[in-house]
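Okay, structure first, notes after.
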Amino acid sequence: MSLPHNWCSASLHELCVPTEQVEPLPEREFIYIDISAVDRLTKRIKTPQRLMGGDAPSRARKLVRTGDTLVSMTRPNLNAVALVTSELDGQIASTGFEVLRAPALDPRWLAYLVRTSSFVDAMSALVQGALYPAVRSKDVRAFTVPVAPRAEQARIADKLDTLLARVDACRDRLARVAPLLKRFRQSVLTAATSGRLTEDWRGLRGLPAPKTVQLGDVIRVSSGKLLTAKDMAVGGTVPVYGGNGINGYHDVGNVDESTIVIGRVGFYCGSVHMTPKLAWVTDNALVVKHDSKTASARFLFYALQAIDLRANDSSTAQPVISGQKIYPLPMVLPDPGEQAEIIRRIETLFAFADRLEARLGQAQTAVDRLTPSLLSKAFRGELVAQDPKDEPASELLRRLHADRPASKSTRRGKAAA
């Protein structure tokens, strides 16, 4: 890649000075930065721990200073990187990080650089180990980076600060839409199965409000069948419905037509599904039977989703429901004509929500692509204009090489409070 005028390239080894390792004193409190403390989305240190030196893990050894960039050497494809801020000056990070301290670079420039796709891809290609995939310190420091004049580094970092803050704000706003769509669908179901959604429809026809009955007046449930080891060995293409949702595929089946299934136990207890024409329902789920003259399967599928099927569950361990627990629950039962209108309106509104969800996904994908695109543009020298008056980056490197300090040895240090 050709670099702009006054730029140059160098390895991180050339740019970064050695950093210290310390051993926390047992009687002193310090802040420990583990890899899990880094938020991989925001690239910030979010959850460091306060520890006494005597409780410090053996990996708590790397002294960090304001402006250092931390790069996780474990699973570099996840890009757990962060800039050390002033409140963490003098604290201790895990040896799972490579600590980059580059006097010739604007600290933000370096922190943005290790977020680029080129850096992540290069590190991911060097991973060693299967159970604990990681790169080595020398792999990180061998990476060659573009270096802009110091003044231009600051201009680029300022621009990225502004633009990426807007990207993050946009991502946060989009993330709030999905829960709204979920609540919208639930509100539609609640309104539809309470009779409110079709109140105008009944009014035009002079029909009375639908009656409220008990669920047991409309349905009967039975447990699915045990999926045996012999059945499990078969394998195949038929979906399996049980307490853990759709959890596998088998060639055998015990449902030969579309059927409503309710999770009976576990995390999916009370969840409602409609099986395809051939499926296996395990004994962790309930198969719903009903009179099609009283209620259509499609109406019941929506009505059951609107009812809290765990309302009468008093289990102290994991949740469990049964026919006896759900039969007394109330439900609104319209006549077949109104059921058909309810289904039509639900599916019209759900189709609208589906279109919004699809557009949301497209918008989120576009936003997710913005950050790598902006970073790539920044390190090609295309984000801000070059100023010919800037001191060339080669002068920075010359002074850095002349002033490079000797390596510092590991010492016993005092962690900041």
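The values are calculated or read from the model by the stated rules, or taken from the named source; none is laboratory data. Because the structure is a prediction, the values reported are computed rather than measured. Here the Cβ is made from the backbone with ideal geometry for all residues, glycine too, and neighbour counts use every protein chain on show. In case anyone asks, the SASA skips ligands and DNA or RNA and just uses the protein heavy atoms, side chains included. Shrake-Rupley method; radii C 1.70, N 1.55, O 1.52, S 1.80 Å.
Quick look at the values:
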read-out: Furthest towards positive pole of dipole, A165, L126, P208, structure part the stretch 103-216, Cβ charges; value: P208
read-out: Computed over the stretch 45-136, the ratio Rg/Rh where both radii use C-alpha atoms and Rh is Kirkwood; value: 0.98
read-out: Alpha-carbon centroids, the stretch 1-73 and the stretch 119-142: separation in whole Å; value: 17 Å
read-out: Heavy atoms of R150 accessible to a 1.4 Å probe, total area in Å² rounded to 10; value: 90 Å²
read-out: Residue-by-residue Karplus 3J(HN,Hα) for the stretch 55-65, coefficients 6.51, -1.76, 1.60, Hz, glycine and proline x; value: 9, 5, x, 5, 7, 7, 9, 8, 6, 10, 10
read-out: GNM result for the chain, Cα springs below 10 Å: residue of R101, R171, R59 fluctuating most strongly; value: R59
read-out: Nearest 10 degrees, 0 to 90: helix 336-378 Cα axis against the chain principal axis; value: 10 degrees
read-out: Over 29 Å between alpha carbons, listed pairs K46/K138; K43/K389; K62/K389; K138/K377; value: K43/K389; K62/K389
read-out: Accessible area of V218 in the full protein assembly, 1.4 Å probe (Å², nearest 10); value: 10 Å²
read-out: The chain: C-alpha pair distances exceeding 30 Å, %; value: 61 percent
read-out: Residue pairs, from the table K182/K225; K211/K277; K225/K325, whose Cα atoms sit over 24 Å apart; value: K182/K225; K211/K277
read-out: Viscosity 1.002 mPa s, temperature 20 °C, Stokes-Einstein D of the stretch 113-222 from Kirkwood C-alpha radius, µm²/s; value: 101 µm²/s
read-out: Accessible surface, per residue, of the stretch 105-148 when the full set of protein chains is kept, probe 1.4 Å, Å²; value: 44 Å²
read-out: Kirkwood-based Rg to Rh ratio, the stretch 86-131, C-alpha trace; value: 1.03
read-out: Accessible-area ranking of K389, K377, K289, K277, largest first, probe 1.4 Å; value: K389, K277, K289, K377
read-out: Amide proton proximity set for E29, modelled H, under 5 Å, gap of 5+; value: G53
read-out: Simple Cβ-charge dipole of the stretch 159-225, Lys/Arg +1 and Asp/Glu -1, about Cα centre, in debye nearest 20; value: 160 debye
read-out: Length-normalised contact order of the chain in % [C-alpha pairs under 8 Å, at least 6 apart]; value: 22 percent
read-out: Electrostatic dipole magnitude of the chain [Cβ: Lys, Arg +1; Asp, Glu -1; Cα centre; debye, to 20]; value: 280 debye
read-out: Karplus-derived HN-Hα couplings along the stretch 135-147 (A = 6.51, B = -1.76, C = 1.60, θ = phi - 60°), whole Hz, x at Gly and Pro; value: 9, 9, 4, 5, 5, 5, 6, 7, 5, 8, 10, x, 10
read-out: Rel. contact order, % - alpha carbon contacts under 8 angstrom, at least six apart, the stretch 1-157; value: 29 percent
read-out: From phi via Karplus (6.51, -1.76, 1.60), per-residue ³J(HN,Hα) for the stretch 193-205 in Hz, x at Gly/Pro; value: 8, 9, x, 6, 5, 10, 4, 5, 4, 5, x, 5, 9
read-out: Bins of 5 Å from zero: percent of alpha-carbon pairs in the stretch 284-339; value: 4, 16, 26, 25, 15, 8, 4, 2, 0
read-out: Descending semi-axes in Å of the stretch 347-402, equivalent ellipsoid built from Cα gyration tensor; value: 48, 11, 5
read-out: Heavy-atom SASA rank of I45, I346 (probe 1.4 Å, accessible area, largest first); value: I45, I346
read-out: Farthest positive-ward along the stretch 14-60 dipole, Cα basis, beta-carbon charges - from L51, S36, L25; value: S36
read-out: Solvent-accessible surface (1.4 angstrom probe) belonging to E357, in square angstrom, nearest 10; value: 80 Å²
